[in-house]
Amino acid sequence: MVSNCDAQLKSKIDEWLDWDKNEETRAKLQKLVDENNVEALQKKLLSRLSFGTAGLRGLMDVGYSCMNDLVIIQTAQGFLKFLEVARRELLDENGIIIGYDGRYNSKRWAEITATVFVQAGFPVKLFGDVCPTPLIPFAVRRYKCASGVVVTASHNPKDDNGYKVYDSNGAQIIGPVDKEIQKSILQNLKPLASSWDTHVLKDNKLLTDPQQDVEEAYRKLIIEDEILAEHRALNKQTGLKIVYTAMHGVGYKITQVIFDFIGATITPVPEQRDPHPDFPTVKFPNPEEGKSSLDLAIRTAEANKSPLIFAHDPDADRFAVAEKNSRTGEWKIFSGNELGAIFGYWLLYCFQKKYPEEKLSNTFMISSTVSSMILKTMAKAEGFNFVDTLTGFKWIGNKVLDLEATGKKVIFGFEEAIGFMCDPKIVDKDGISASAHFACCASYIYSKGQQIVDKLEEIYSKYGYHKSLNSYYFCDNPAIIRRIFERIRNWDGCKDTYPGGVLHNRYKIISIRDLTTGYDNTQPGNRAILPVSCSAQMITFVFDNGLHCTLRTSGTEPKIKYYTELCSSPDVTDQSVIEKTLRETVTAICEEFLEPAKNSLIPQSD
């Protein structure tokens, strides 16, 4: 028995051992009890994973603060009760759809969720095999489901897993839905005995497997209906060699089918082609990590004399590209902002070819506020519309739906973290369709005797260079973070006064948007039109030299992040001058606004 612990902890230990029917996690908890490890028990039992707009994500281990069978049952039970009230008609008629990736426990937790809903008498569409995340929001709208769930931790380390929820509109949930689901979970914590009985799924008439139908419909509606026949023919004619890595995830099977259809050739990295929960060949299964995650892909490309590498993250909702420069022999890994510029160019070109009579004044492109403003610049030049949203595809997806409800046409949306929406039939990032569209774009560019880097340079020459510099500081003291941001809002001791510039106002601030307080001096009454959250810090400054800077806190890590981009005019062609101005301004912002030495902030590089 545990000694030196209070009544609350003892109660939680007894509760867990009473409720948990998984022998492995019960044994883990009992071991901590036998070792009298009070600190670990408190950490695991006295706090719990909170259900947010991304659902749940965390370490797979015993306890309410981790991902395990009991927490999944509690989540599914609470989620069911929420849907019974909020989405009852859809739940009765069409139920929910559930998918999962190749991580440890993903299939089991998908089956547990299906069990909870089937036991309650509701129809469930459960994928029979692993599936890419984008198929879930696609299927929610296809079947008019009450909701969609995918068990995945995307590109997190191998010991993590997650539980991602889509609303009935096919978009990721946003507030207040997340808070209502969390409340319902807390009201339904005691696991029903029936929730453990996954045998109920065998030959159950309420359970169907939608996999074949969804994959075929996805290929037809997202690929066949959107990619022009002339571009499929060009893919075959060009014969561009593309090396592809699924990063030990679930993207290869459907990507191969789609690339066969569009006439493009991919050579998979054999060691990373199929799902593997240990991700044995990469330290972090995230193509955003750069060459450290693409080493095998680069070796495969060199061996196959391929100039291009396409990469998905493990659940295939993100997409990355690398290209070997034919002149220098060096590999360039494109940033999300650079890919956003290329996608913007390509999808506008395709839209105008497919719909020559459509007015650009009725069309939109979207990016998150911390992403490149290249689409905004393009919009001004070409005559379409641009809007930005808060960070995250939950905001982009819901903005797409808002615009479509008023008769607007959305061409493209992206965020700098290599997330791209190339078809608004899926109101979420989709690495699969992104790879298909980019293959067509690459064939077109190469057929003209150019490389991707050349087209990117051409885009910047036309619209102006957009150079980004993003990083962060570690700070695990919330009081210091609050003090830093309150100082910015009360500059030089003047209440509700923001800085006027940096370097003795050599670079002046011309607009300020504070989405913590709701201040925006570019809007009537200085009232921000984007959603405001007082629980997070986020201030955006625009300088007279064309620099955009957003300072924000992370929702999941002890960090102050800065996202900066210098947007120059097309007549500024000297990139060294642009780079120098960018670094000079960003260094001054960090030193003057954040005071890293005074506040003991640790930069990313340390």
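From the list Ile223, Ile185, Ile174, pick out the single residue that is outside the structural domain of Tyr100 (by TED's automatic domain parsing) and in contact with a helix residue (DSSP H, G or I) (Cβ under 6 Å, 6 or more places away or on another chain).
Ile223
Tell me which helices (runs of 4 or more DSSP H) are completely within the stretch 208-281 and hold 3 or more residues being under 17 Å from Phe438 (Cα atoms), or say none if there are none.
By residue number, 229-238, 252-262.
Report yes if Arg527 is in contact with an Asp or Glu (Cβ under 9 Å, 6 or more places away or on another chain), of a type in the set (Lys, Arg) and within 27 Å of Gly392 (Cβ to Cβ), otherwise no.
yes
Matching residues to (1) closer than 18 Å to Trp196 by Cα; (2) assigned to a loop (DSSP other than H, G, I, E, B):
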position	(1), (2)
Glu24	yes, no
Val33	no, no
Asn36	no, yes
Leu41	no, no
Phe79	yes, no
Arg103	no, yes
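Please go through the stretch 575-600 and give me each residue that is acidic (Asp, Glu) and either crowded, with 16+ Cβ neighbours inside 10 Å or assigned to a helix (DSSP H, G or I) (or both), ordered by number.
Glu579, Glu584, Glu591, Glu592
Select, from Ile73, Ile98, the only residue that is buried (at least 19 other Cβ atoms within 10 Å of the Cβ), touching a helix residue (DSSP H, G or I) at 6+ places or on another chain (Cβ under 7 Å) and in a strand (DSSP E or B).
Only one candidate passes the filter, namely Ile98.
Can you find a residue in the stretch 140-148 that is aliphatic (A, V, I, L, M) and either under 26 Å from the mean Cα position of the chain (by Cα) or within 15 Å of Asp317 (Cα to Cα) (or both)?
Checking the stretch 140-148: at least one residue is aliphatic (A, V, I, L, M) and either under 26 Å from the mean Cα position of the chain (by Cα) or within 15 Å of Asp317 (Cα to Cα) (or both).
Output the number of the condition that His248 fails; it satisfies all remaining conditions of (1) more than 20 Å from Lys429 (Cα to Cα); (2) of a type outside the set (A, V, I, L, M, F, W, C); (3) touching a helix residue (DSSP H, G or I) at 6+ places or on another chain (Cβ under 8 Å).
With (1) more than 20 Å from Lys429 (Cα to Cα); (2) of a type outside the set (A, V, I, L, M, F, W, C); (3) touching a helix residue (DSSP H, G or I) at 6+ places or on another chain (Cβ under 8 Å) applied to His248, the lone miss is (1).
Determine the pairs where a residue that is closer than 10 Å to Val250 by Cβ, located within the stretch 124-136, has a partner that is assigned to a loop (DSSP other than H, G, I, E, B) and among the hydroxyl-bearing types (Ser, Thr, Tyr) with Cβ atoms under 9 Å apart, the partner being 6 or more residues away or on another chain.
Note: pairs meeting the criteria are Thr133/Thr152; Thr133/Ser154.
Can you tell me which residue among Pro285, Pro307 is in contact with a Lys or Arg (Cβ under 8 Å, 6 or more places away or on another chain), more than 29 Å from Arg103 (Cβ to Cβ) and touching a residue at least 60 places away in the same chain (Cβ under 8 Å)?
Going through Pro285, Pro307 in turn, the sole match is Pro307.
Report yes if some residue within the stretch 517-533 is modelled with pLDDT under 95, among the small types (Gly, Ala, Ser), closer than 18 Å to Ser468 by Cα and not in a helix (DSSP H, G or I); otherwise report no.
Checking the stretch 517-533: not a single residue is modelled with pLDDT under 95, among the small types (Gly, Ala, Ser), closer than 18 Å to Ser468 by Cα and not in a helix (DSSP H, G or I).
Restricting the search to the stretch 487-505, which residues are assigned to a loop (DSSP other than H, G, I, E, B) and either among the hydroxyl-bearing types (Ser, Thr, Tyr) or farther than 19 Å from Asn599 by Cα (or both)?
Correct list: Cys494, Lys495, Asp496, Tyr498, Gly500, Leu503, His504, Asn505.
Would you mind finding the one in Ala320, Ala311, Ala316, Ala297 that is crowded, with 23+ Cβ neighbours inside 10 Å, assigned to a helix (DSSP H, G or I) and assigned by TED's automatic domain parsing to the domain that holds Phe284?
From the options Ala320, Ala311, Ala316, Ala297, the qualifying one is Ala297.
Yes/no per residue for (1) buried (at least 18 other Cβ atoms within 10 Å of the Cβ); (2) at pLDDT below 95:
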residue: Asn4; (1), (2): no, yes
residue: Gln8; (1), (2): no, yes
residue: Leu45; (1), (2): yes, no
residue: Phe51; (1), (2): yes, yes
residue: Asn94; (1), (2): yes, no
residue: Trp109; (1), (2): yes, no
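Say whether the condition of being among the β-branched types (Val, Ile, Thr), out of contact with any His (no Cβ under 9 Å at 6 or more places or on another chain), outside any loop (DSSP other than H, G, I, E, B) and more than 16 Å from Tyr473 (Cβ to Cβ) is met by at least one residue in the stretch 557-574.
no
Out of all the residues in the stretch 428-438, is one or more more than 24 Å from the chain's Cα centre (by Cα) and among the β-branched types (Val, Ile, Thr)?
For the stretch 428-438, residues more than 24 Å from the chain's Cα centre (by Cα) and among the β-branched types (Val, Ile, Thr): absent.
The values are calculated or read from the model by the stated rules, or taken from the named source; none is laboratory data. It should be emphasised that the depicted structure is a prediction, and the values quoted were computed from it without experimental measurement. Methodologically, a virtual Cβ is constructed for each residue, glycine included, from the backbone with ideal geometry; neighbour enumeration extends over all protein chains shown.
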